[in-house]
Structure formats: structure tokens, C-alpha cells
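Data block below; observations after.
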Amino acid sequence: MSFDELNQPALKNRTLNTMHYFAKLAFLTSIVCSLTPGLAIARPPYTWSDVEKFTRLLTKKPGDYNLHKRRADAYLDVEHLQDALKDYRVSLSLRADQPYVFAALARMDVNDGKVESAKENLRKAMASWREDSPDWQDAARYTCSVIDALASRKKLDVANEVPTIQVRMAQIKSPHPQDGGLVDCILGRLEELRGNKSKAQTLYLKSIMKTPLEIRRVAYAKTAWFYQRQKDFGTAMALLTEAMEQCKSAEDKSSLLRTRIDLAAKSTDLGCKDGWIKDVIDVLPEPEGPYYAGVLGERMVTLLSCDKTQFLRVCREIRMKHQRYPSSPGLAIADGFIDSLSGRDSLFRTKFARAVNSISRCNQHIAWSSRSQFYVAQKKFTQAFCDRCEALKICPPSTKQPYFNSAGQLLAQCDVRKDWSKLEANCNYLMLDFECNEFIPNFIDAVLSHEQIKAASKSWRALLSKQPNNASLKYMVGTADYRSHRLDSAIQCFSGAIALHPKWQAPLHKRSDCYRSMKRYKDAEADLTSAISIQPNLVLLISRAELFDELEKPVPGLTDVEQALQLTDKTPGGSPFKSQLFRLKADFLDMLERYAEAKIWRAKSKEIAGSN
């Protein structure tokens, strides 16, 4: 059956019946597989006590590659990434043919954005696979997630890399026919990348039949996401529902339930969203509950404004669930959202504080992020920004950059002048923790009044005395000095920031303004030229054109004006600068005309002098 035929409504029931058949066959297959020795069982997440246990065992057996690998897994689960990396490398030095370790390293590289390193570790994982390779299923599961992540980021070369991986995966699959379902998932994804959707569909469905029961949720989830990518949301949801009915483990059921929530949230099919709120409420008592509380909070804000009946029904269900699970932090946060929407903010803050304290330190950032998400839905951007910064202060290193990016986006939506007293401490933290990020200092400089900059400069100077090599603080202190006309001190601060980060345009621009105020035009022109050479910028080009206007240099001035006019339509908010640029252009043309007249007059004067 082709993929186009599958999408026809008349064949939808037959497709679902086929899936039901595959699921039954998979159940029988899993019984056979469970009797086969050596199969890996999907383990629960490790905790810090497991790290300590493996450390004690390693004191007795320091050369055991398997103990190093298991401690690395434990470090990874508690998000101590550097320690995990160190143990994985020790494990490889003791035994090099471990595809699971290479695949785990590739997964860490993908999360860090190191695409080439991820591909290299993926190649090593596939090259090291043998019939007796340890942790074969976990290696396949990690490899599947790495290829999926690279594919979703469009980082795989379909013409060259994908066929190579396909050939190797087919070789790996042959010695492991009884549990090669996850390899079928990988092959299905590769066929999908090559555009063979019918073949991909067949491989995905086969993967469900062939994957052992203990890790079949992975195959179900991958197959459901395949149908979601093909915009067949009904089949994807039906597949996940069927999978949940087949699951015996509560942990596997909750994992599939979370997949179903995520899939429904991304679908455009309203039919997929009917049971979405019920699914979210069901998952709130679980350890991941605080995250889904934020997702539900967003929806509750929308319901309050457009469907109060359903909003009250959702509130009732949350309260009933919270009575059943009174110690659940996810339900406590959701219950607090109800209080906040009812105007009982003090009660909300109390419940939220209790919920945060009941969560382990390494996961508290999720609760702060959820409340930030809730405030964004209410357009309370200042509170949302402060909560996102609280999450940033305690989150693991792997999630810092996404939190920082979202904090910057929220700051841009805040009324910074009005709420500076609430925002100042968090803005200072961002400048301290993320040195020389251009957005935060540039944005503060552009928005704050002279009085606010002057008041804040005291705390910036105090922080700079503790961190003398912080470029962001040097820039902000220099800005305060420039606004107070202490130009020598400002130039010194901007020069320090430039020395630390030569490619940062803002201090170059500011230093050129200082030089221009001091009539040091050559230095001002040199700084502006250096800044423009890094990246042509509308504001920088206008600044240099104004300098050329002051120096009466019409030819380079006209060049800058023409280049700036081309950028006005490409730069957000660039249109208002057009009038200023046309005025400068008229000035330069007038200068050229005057110079031409002067040349003619001088030539005539010479002729008159020669004739006399």
C-alpha cells in the first residue's frame, strides 16, 4: 500500500486494523524475546545514590570498563555532563568496541550543538558493532535518537551520508534478527529522509512487531512521530493509544502519555486536542508534572477568556486530582494557577514556594520555567523574565543557553524604564554569567534614561571591581561615564571591553562617539571603519556618514549613504532613517557642486593670472 493510499479516508480503518494486527503479533514476539538470554531491559533513571554506589564498586575494581560506563550513565541522568564524559572516555580506553558509549557521546554532542563531533562518534558507534557488542539495544536506541536529532536539524547529507548509514545499519541488523526493531526505526527514518515514504512506513510498522516489549514504547513513539510529520495526526494518536493499552509498565505508559501530549500540542488537527487537557492532568502527579503544569497554565489563561464553562470544569478536575495526590508539586503549581487567575496571588505564591521546596534541587528550574510560561500567557513579562532568570541560576549547564535566549526575548518585551528596579539585579546577573553577550548591555543602554544609568553605575562599578575582566560591565560603566561627559574614563572602559572581545561592535561605536566629542576625528573614523568591517550595520553607516558630513568628505559620505539606504528595507525599524539619509545625501551633493564651482573659479583665476 502506498503512502498516498494510506491517507485516503476509505482505507483509514483498514490501516488501523493492520496496526492492531502488528501489535498482537508484537506481543507474541515479545514473549519469545523475553525467553532469549542477554536482552537489555529498559532501566529507570539513575539517582545520585547510584553514582555513589558505582564509585564504591570502582574502588574495588578500578579497571572494570562496565562500571565506568554505568557510572557515566548515572552522571548523565543527574546532569553532571563533564563527569559523564570523563567516565565514558575511561570506559572506551578499557574496551574500545562499545557502540553504546560512542552513541551516548554522539547524543551529548548533538545536545551541545557539536554536529561534526556527533557524526564522528556516530560513525565510530556503527563501526564498533559486533555480534557480541555489549548493550546492543541501548546502543540502537541512542543511535536512533542521534540520527533523528540530526535529521530534524537538517544536518545529514541525504545524497552521501544517509545511504552510507543505511548500508551499515543493514549489516548490523542481520546478526540480531530477534531484536532488530530499533534498527528498522533507524532505517525507516533514513528512507523517509530520502523521500521513500511508503518503504519508511513499512519499516516503522515492522519495528513495532520486532521490538521487545520492554523497549517497544520507543518504536511506538518513533512511528507515531513519523505519521505526525506526514500530517496524519489521527493515525499517530490512535497508534499511541494502542501502545498504551499494550503496555504493562506504568513507567512506559506515562512515557507514551507524555509523547501523546507533545504530539497533540504540535498538531493542527482539532480532533487530536479533544482529550489533550485530560492527558495533561493525568501526567501532573508524575515527576515531569511541574513542566506540564506550565503548559496547562497557558491553556487555562486562554480558556478563562473564551470558554469559562470548560475553564471551571478543568479547575474542578485539577482540585479533585490534587486531593488524591496532595504531595504532587505539579498539581500544587496547577492549583496555584487557579488561585492566581481568581485574584488570590498571595495564596498562589505560598503554594508555589511549597511546591518548589518539595522538588529536588536539580529539577527546581522546571517549576520556575513553568510559572514564567504562565506569566507570558498573561502578558506579565516582567514577572516572566524574573522567573526565567531564577530558572537560569539553578538549571544544569545543558539548558542554560536556551533559558538565556528566552530571557533575552522576554526582556525585550518588558517595560524596562518603568520596572528597572525589579529588573536590575537579574540584568546584572545575566551580564555576569554570560560575559559579553551583546544583547543585554546594548538593550539596557538603548532603553534606560540618563538618571537610571547613573544610579545603576554604582552597582556596576562594585561588580567590576570583583570581575575586572568582564567586558559587559566595562561597557556599561563606560556608557555611564560617556553620558556624564567623563570621556577619558569612558574611552578607557570601552578600550578594555574591545581588548577582551575585539569583534564586539558596540564598544567600538561608543568609543568613536567619545573621540568625536573630543574632536579626534581620525580615531573616530578608524573605530567606525573597524566596526563596519565586522558586520555592515545601518546605525554604524549613518554614524560614519554624519562624521564625513562634519569633515566635509562628500565622496566616502555618499558611498555610506547609498549602502545605508539599501539596508533600510532589510533592517527592522529601518524606514524612519530614510529622511535622515536623504538629508545627508542632499548635503553631500551640495558639497560636490560647491567643489565643482570652486574648481572652475580656480581654473579661470589661473587663466586670468596667466594672461596678465
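Scanning segment 451-480 for residues that are open to solvent by 10 Å² or more (accessible area, probe 1.4 Å) and touching a Phe, Trp or Tyr at 6+ places or on another chain (Cβ under 8 Å) turns up Gln452, Lys474.
When you look at Lys418, is it within 30 Å of Ile453 (Cβ to Cβ), out of contact with any Phe, Trp or Tyr (no Cβ under 9 Å at 6 or more places or on another chain) and either free of Cβ contacts under 8 Å to residues at least 24 places away in the same chain or surrounded by fewer than 20 Cβ atoms within 10 Å (Cβ to Cβ) (or both), yes or no?
Details: within 30 Å of Ile453 (Cβ to Cβ): yes; out of contact with any Phe, Trp or Tyr (no Cβ under 9 Å at 6 or more places or on another chain): yes; either free of Cβ contacts under 8 Å to residues at least 24 places away in the same chain or surrounded by fewer than 20 Cβ atoms within 10 Å (Cβ to Cβ) (or both): yes.
Criteria met by Lys418.
Among the candidates Asn426, Asn437, Asn405, Asn442, which residue alone is without any contact (Cβ under 8 Å) to a residue 12 or more places away in the chain and open to solvent by less than 80 Å² (accessible area, probe 1.4 Å)? When all the criteria are applied, what remains is Asn405.
The residues in segment 481-521 that are aliphatic (A, V, I, L, M), open to solvent by less than 20 Å² (accessible area, probe 1.4 Å) and within 20 Å of Glu451 (Cα to Cα) can be counted, and the count is 1. Scanning segment 207-257 for residues that are touching a Cys at 6+ places or on another chain (Cβ under 6 Å) and either open to solvent by less than 20 Å² (accessible area, probe 1.4 Å) or charged (D, E, K, R) (or both) yields a count of 6. Please go through segment 288-316 and pick out each residue that is over 15 Å from Ile261 (Cβ atoms) and either open to solvent by 30 Å² or more (accessible area, probe 1.4 Å) or charged (D, E, K, R) (or both). Residues satisfying the conditions are Thr302, Leu304, Ser305, Cys306, Asp307, Lys308, Thr309, Gln310, Leu312, Arg313, Arg316. Here is the figure for segment 567-577: residues that are over 14 Å from Val539 (Cβ atoms) and surrounded by 13 or more Cβ atoms within 10 Å (Cβ to Cβ) total 0. Against the test of being buried (at least 20 other Cβ atoms within 10 Å of the Cβ), touching a residue at least 24 places away in the same chain (Cβ under 8 Å), of a type in the set (Gly, Ala, Ser) and touching a Ser or Thr at 6+ places or on another chain (Cβ under 6 Å), the options Ala103, Ala118, Ala84 yield a single qualifying residue, Ala103.
Looking only at segment 379-397, filter to residues that are open to solvent by 50 Å² or more (accessible area, probe 1.4 Å) and not charged (D, E, K, R); which one of those is farthest from the chain's Cα centre (by Cα)? It comes out as Gln383. Of the residues making up segment 31-73, those that are at pLDDT below 85, open to solvent by less than 40 Å² (accessible area, probe 1.4 Å) and aliphatic (A, V, I, L, M) number 3.
The values are calculated or read from the model by the stated rules, or taken from the named source; none is laboratory data. All of these numbers come straight from a predicted model, not from anything done at the bench. Positions of Cβ are generated from backbone atoms using ideal geometry, with glycine treated the same way; all protein chains shown enter the neighbour counts. Just so you know, the surface numbers come from the protein's heavy atoms only, side chains and all, with ligands and any DNA or RNA stripped out. Shrake-Rupley method; radii C 1.70, N 1.55, O 1.52, S 1.80 Å.
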